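Colleague: Mind having a look at this structure? Questions to follow.
Here, each number is a calculation from the coordinates, and none is a lab measurement. This is a predicted model, so every value here is computed, not measured. We place every Cβ from the backbone using ideal geometry, glycine too, and count neighbours over all the protein chains shown.
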Amino acid sequence: MQTTDVSTAAAQAVQGSKSFLGKQVDERSTMIGQHIETVAQDLRNVGDQLRMTGVAGGAAGYVDRGAELVDQFGHYLQDADSERLIGDLEGVARRAPWAVAAGALMLGFAASRFLKTSSTRRYRGTGSDGTGSYDAYEPGGMRYAP
């Protein structure tokens, strides 16, 4: 096999994976955008209920403005393709690198808490007689608690 054949095959593999990932990002962002629009509609309903009760004063206006912003974000996610999303993310990272770093730190912390919680649930369950739980971390693997 020639060197040019290997480099051509590698370039085709990279292009194919970029195309696949781009399609996945497009599909997922559209789905997320649709879910976000549902949240915006729920916020509009909350604003309507606040207006009907009249209890909250100006809160209904704030809820409506929030619903509009959420709706705009949902439309953006539905309309944007992967290239636009990546370009916009790069632009934000250039303008506010500390904000992006802080956001990544918060997402990492949230992910670590989620993984810790799911790990604890996975290793705790009911004993074979249904009377208590066992702890996989205890010596011997099981500790029954009444």
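Colleague: Using a Förster distance of 41 Å, how high is the FRET efficiency between Arg84 and Ala59, based on the Cβ-Cβ distance and rounded to 0.05?
Modeller: With R0 = 41 Å, the Cβ-Cβ based efficiency is 0.75.
Colleague: Tell me, what HN-Hα J-couplings in whole Hz come from the Karplus equation 6.51 cos²θ - 1.76 cosθ + 1.60 at θ = phi - 60° for each residue of the stretch 98-114, using x for Gly and Pro?
Modeller: Listing the rounded values in order: 5, 5, 5, 5, 5, x, 5, 5, 5, 5, x, 5, 4, 5, 5, 5, 4 Hz.
Colleague: Got a sec to turn the phi values of the stretch 78-94 into Karplus ³J(HN,Hα) couplings, 6.51 cos²θ - 1.76 cosθ + 1.60 with θ = phi - 60°, whole Hz, x for Gly and Pro?
Modeller: With the stated coefficients, the stretch 78-94 comes to 6, 7, 7, 8, 4, 5, 5, 4, 5, x, 5, 5, 4, x, 5, 5, 6 Hz.
Colleague: 5 Å is the cut-off here: which amide hydrogens, built 1.01 Å from N in the peptide plane, fall below it relative to Asp81, excluding neighbours closer than 5 in sequence?
Modeller: Here the answer is none, since no amide H 5 or more places off falls under 5 Å of that of Asp81.
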